[in-house]
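Here's the structure we're looking at; comments come further down.
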Amino acid sequence: MQKLTQLRKWTPKTPFYYGWVVLGVSAMGTYLSNASSTVTMAGIQGYILNDTGWDRYTLSSAVTIGTFGSALLTPLFGRLADKYGPRLIMPLISIFIGVCFYFLSGATSVLQFFVFYILARAIGTPALISIVPRTAVVNFFYEKRNLALGIQSAFRPMSGGLSIQIISMIATRSNWRNAYKFFSLYGFLSIIPLFLFLRKTPESIGLLPDGKSICDENNDQKITHKEYSWDFDKAIKTKALWLLSISQFLTMMVMGVVGFQFVPYLNDSGMSLRLAATAWSCSIVMDAIFNPVWGLLGDKFSPRSVLICATPLAALVTSVFLVIDGGILAFMFVAIWGAFIGGLEVLGGMLIANYYGRNSFGTISGVLMPFQVGGLGLGPLTGTFLFKTFSGYSAVFFFAVCAYLMAGLLIVFARKPLK
């Protein structure tokens, strides 16, 4: 028991700020949960559908329900993140996700698939991808917070792109079920580094945000003066929070609407399924590359200014699909579109931290993220509905352009609230 206590209190000495360790190790949980993400399912849906004989509606319904489930659980995990931090939450959820993936690999009916996929998706997203690791980043960083958030958000598309390629490789040689057995094993192994290295706040290991000494009274006063943290009860009454939430709902809905249709769109235009999945992987890579760029821009200017500029640019890129008909040009613009999709989402998180501070970031984000995740969950079903109703992809892309423009307009009116 004494050794376990010593192990729990042990913190490795590093030649650099420990916040970067927390940031890096949290990526292991993100990689695990991304095996059930919308991005991954969009890229591998062909392997599952070909093996099971189900239609696209069935799979998109599972993704939608699972994503809505995560939206409902996000406020709970936001409060837990503020109270307990990632060290307790992420290892426990990794075990749970490992169990879900093991049973998912053996699913022989729609009901079995729905139960274990929805559980993995609903619980894994807030605990391992979004609000819990993001709250840890906000707690550990101040001056480089937007850059750190950009890097943390890059883990999601990087993990998604890698997951698509690993599942595709295993599915090509055997089947998609063995791929999820691999992720199940990974889930059990990942609990070791998650428990050993994650921490709740820099103060718990004798530091302040950005690595300043907790004993340095001047630095303490500087940070306290610079960052005012809102209480949840006051933040929820501000107009900016709700305008930002609706804007993020629209941008994330577009990610689900368009993203879930890109692989079928390219495949229907004559591109092979493997090449279409590669195009989607390239889009995800672009997402990962540009997320830190959005973070740097957010530090240099402001998250709101960058978001106001980026949203209409995303609409412009999406509008290109209204005038082209697949082929190599579509492949290129699918990749370019990826530069915006994650940036618009992470900039919303940056704006919450910029407006409301770090003390209640998890709880306040618990209001925003259900809009984000709910929009993402509604997206695949909406995109499939638009495609079938209007017998083509033009309605899908037109809807996306309009949603982006509306989202950008809402950010214009979402000014920083007065203290």
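No value in this document is a laboratory result; all are computed from the given coordinates. For clarity, every value in this text was computed on a predicted model and none was experimentally measured. Every residue, glycine as well, gets a Cβ built from its backbone with ideal geometry; the counts of neighbours run over all protein chains shown.
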* Asked: Can you give the extra length, in nm with one decimal, that the chain gains between Y57 and D231 once fully stretched, where that is 0.36 nm per residue apart less the Cα-Cα distance?
  -> 58.4 nm
* Asked: Using a ≥ b ≥ c from the Cα gyration tensor of segment 29-187 (square roots of the eigenvalues), is it rounded, prolate or oblate, where a/c under 1.5 gives rounded and otherwise the larger of a/b and b/c decides, a/b for prolate?
  -> prolate
* Go ahead and collect, in residue order, the members of segment 253-276 whose backbone nitrogen is under 13 Å from a label point 7 Å along the Cα-Cβ direction of M406. => 253-254
* Provide the three semi-axes, in whole Å and in decreasing order, of the ellipsoid equivalent to the chain as defined by the square roots of 5 times the Cα gyration tensor eigenvalues. => 34, 26, 17
* **Chain lengthening between M332 and K300 when straightened (0.36 nm per residue, less Cα-Cα)** => 8.6 nm
* Cα-based reach from K388 at 30 Å (exclusive), listing lysines while leaving out same-chain residues under 8 positions away -> none
* What is the diffusion coefficient of segment 357-419 in µm²/s, taking the Kirkwood radius over Cα pairs and the Stokes-Einstein relation at 20 °C with a viscosity of 1.002 mPa s? -> 151
* Structure fact -> Proxy exposure order for T74, T318 (fewest C-beta within 10 Å first) is T318, T74
* Whole-angstrom gap from segment 174-205 to segment 378-419, using each part's C-alpha centre -> 34
* Asked: Tell me, in nm to one decimal, what length is gained between E143 and F413 on full extension, where the rule is 0.36 nm per residue of separation less the Cα-Cα distance?
  -> 94.6 nm
* To do: Please give the direction-averaged projected area of the C-alpha convex hull for segment 3-70, in square nanometres with one decimal.
  => 7.8
* **Cα-Cα over 31 Å, subset of K83/K144; K83/K181; K144/K419** => K83/K181
* Asked: Using the count of nearby Cβ atoms within 10 Å as a rough guide to exposure, how do Y84, Y356, Y180 rank from fewest to most?
  -> Y84, Y180, Y356
* Asked: Calculated from DSSP H runs of 4 or more alone, at -39500 (n - 2.57) each and per residue, what is the 222 nm mean residue ellipticity of the chain, nearest 500?
  -> -27000 deg cm²/dmol
* To do: Specify, per residue and in Å³, the volume enclosed by the convex hull of the alpha carbon atoms belonging to segment 16-122.
  => 103
* Structure fact -> The alpha-carbon center of segment 18-44 and that of segment 76-115 are separated, in whole Å, by 13
* Could you tell me which of S61, W10, F96 has its Cα farthest along the dipole of segment 1-122 towards the positive end, charges placed at Cβ (Lys, Arg +1; Asp, Glu -1), taken about the Cα centre? => W10
* All aspartates and glutamates inside 18 Å of K9 as judged from Cα atoms, apart from same-chain residues fewer than 8 positions distant -> E203
* Structure fact -> In terms of the alpha carbon gyration tensor, root eigenvalues a ≥ b ≥ c, rounded if a/c is under 1.5 and otherwise prolate when a/b exceeds b/c or oblate, segment 301-395 is oblate
* What FRET efficiency would be calculated for the residue pair T14, L322, taking the C-beta separation as r and a Förster radius of 41 Å, to the nearest 0.05? -> 0.25
